[in-house]
Amino acid sequence: MTPRHSRLQRAAIAVLGTAMLATACASPSAGSDTSNDPAAEGTTVDAPTPRVTVTYDGGILVLDGATLEENADLPIDGFTRVNSAGDGRHVLVTVPAGFQVLDAGTWTVDDTSYVTDPALTDLVFEADAAGHVVKHGGKTVLYADGTGDTTIFDTDDLLTSSHELPTTEVVPAPEAHHGVSIELEDGTLLTTVGNEESRSGIRVLDADRNEIAVSDECPSVHGEGTAANEVVVFGCSDGVLAYDDGEITKITAPDAYGRMGNAYVTDSSSIAVGDYNSNPDSEGYLLTELALIDTEAKTMDVVDLPDGVSYTWRDVARGPAGEIYLLGSDGNLHVLDENTGSITDSYPVIEPWESPIEWQDAHPALMVHGNVAYVTEPASDSIHAIDLATGEITASAELAGTPNEIAIAAG
């Protein structure tokens, strides 16, 4: 064990030894129904009804997932981010106080589906600089960049606690940093290591929150994804770290600088896809390479995209059969084979587009739900739904503002 490992372990033990793992439960709003019976709140419908949330400067739109008709326009100040809460009903909105709960007004309980009017609730999971949201194994995990705190709750508890926050576990970090955490099905917690100046790797805590493994071989660690058999990958500036059944493996990039910052995964495939950049001096946010990580063989291959095809971190998703969908800067939705990275089909969807100047700037985004892809087009203030079986656009809508971020409540 290197001195660096020892220092990290001592710091982790000191923090975990003196900080109590907290549980918190918010009080219900004044005058709210505390029966927590979701069925009593909505109208019964024949099948789950997906709804799409789209942010714009000054608000959040909630759209019908099939027709893209507007269900609600909810005002909110400035730029914000949205993430599905994982329960099929709620979306977590980053606000200065933390993660605010948006009720998309669609959900399913005991095989019965309901809808109601969307609403931005007054429930907030408190967080200093709210960051990543991870859903896995029935848990939703929130990360606060300002403190390094990891907040964990049972995903379904949010669905059945529509007027109060569910009970949470809060796990502190040795030092605050822009990080991410994930809890596995056996209660193991994987969380990043870093501070305000740099990030170096991950540490692994068992279900009792004792540290059982650590690695500092992941400079600029960012992003995570869980592939088949619960193999978790974290992006580094020189490859990835893979956690597999108690062991951490460094998978080195083929380039001296080979940064992966976001993983696109499905639990039915052992291939994790990563955005990839081999040029440390590149300008803008468009990328022309993809990383294919074989989480069984612990190898990484890099695929060069054809001339004229580039993307940002918002423009990659996995399909129902594990295939890769990539929204190119040429305006086409490309289908790539997950094993070779070769393009097998392309569908024209929007006009060609250029890199944003700042990462927060509105630019096209891709989200896949089932057999439908949703693509935003900021240049025309619009959104499109594409049938993945045919590549045909099945619905389009002009929006009340320029679309930026997107999240789906599955219903």
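The table for this structure:
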item: Magnitude of the charge dipole, the chain, Cβ model with Lys/Arg +1 and Asp/Glu -1, debye to 20; result: 1000 debye
item: Distance between modelled label sites at Glu197 and Thr43, nm, 7 Å Cα→Cβ extension; result: 5.9 nm
item: Bins of 10 Å, starting at 0 and running to the largest distance - Cα pair percent for the range 278-321; result: 21, 49, 27, 3
item: Gain upon complete extension [Asp345, Thr67; 0.36 nm per residue less C-alpha separation]; result: 97.6 nm
item: Spin-label zone in the range 61-85 - amide nitrogen under 19 Å from a point set 7 Å from the Cα of Glu358 along the C-beta vector; result: 76-82
item: Debye intensity ratio in log₁₀ form over the Cα atoms of the range 131-230, taken at each q of 0.16, 0.20, 0.23, 0.24 Å⁻¹; result: -0.66, -1.00, -1.27, -1.35
item: Under the Karplus curve 6.51 cos²θ - 1.76 cosθ + 1.60, θ = phi - 60°, whole-Hz ³J(HN,Hα) for the range 43-50, x wherever Gly or Pro sits; result: 9, 5, 10, 6, 8, x, 10, x
item: For the range 196-263: Kirkwood Rh in Å [reciprocal of mean 1/r, alpha carbons]; result: 12.2 Å
item: Amide H within-cut-off set for Gly146, under 5 Å, with H built and near neighbours excluded; result: Asp128, Ala129
item: Ranked list, fewest to most other Cβ atoms within 10 Å of each Cβ, for Leu142, Leu336; result: Leu336, Leu142
item: Convex hull volume per residue for the range 352-394, taking Cα atoms only, in Å³; result: 78 Å³
item: Lys, Arg +1 and Asp, Glu -1 on Cβ, resulting dipole of the range 105-165 about Cα centre, debye, nearest 20; result: 220 debye
item: Two-decimal Rg/Rh across the range 246-303, once Rg and the Kirkwood Rh are taken from alpha-carbon atoms; result: 0.98
item: Under-5 Å amide H pairs with Thr49, H placed in peptide plane, nonlocal only; result: Trp107
item: Candidate lysines - alpha carbon under 19 Å from Lys298, same-chain residues fewer than 8 apart omitted; result: Lys250
item: Computed [θ] at 222 nm, helices only, for the chain once each DSSP H run of length n ≥ 4 contributes -39500 (n - 2.57); result: -1500 deg cm²/dmol
item: Cα-based radius of gyration of the chain once divided by 2.2 N^0.38 Å, which approximates compact folds; result: 0.96
item: Cα convex hull of the range 321-411 - mean projected area over all directions, nm²; result: 6.5 nm²
item: The range 257-386 pair-distance distribution - Cα-Cα, 10 Å bins, rounded %; result: 13, 47, 33, 7, 0
item: 10 Å binning of all Cα-Cα separations within the range 104-143, expressed as whole percents from 0 upward; result: 21, 35, 39, 5
item: Residue among Leu159, Gly331, Ser200 farthest towards the positive dipole end of the chain, charges placed on Cβ; result: Ser200
item: Two-site FRET efficiency, Glu247 against Asp57, from Cβ-Cβ distance with R₀ of 56 Å, rounded to 0.05; result: 0.80
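None of the figures in this text is laboratory data; all of them are computed from the coordinates on show. Remember, it's a predicted structure, so these values are computed and weren't measured experimentally. Reconstructed Cβ throughout: ideal geometry from the backbone, glycine too, with neighbour counts over all protein chains shown.
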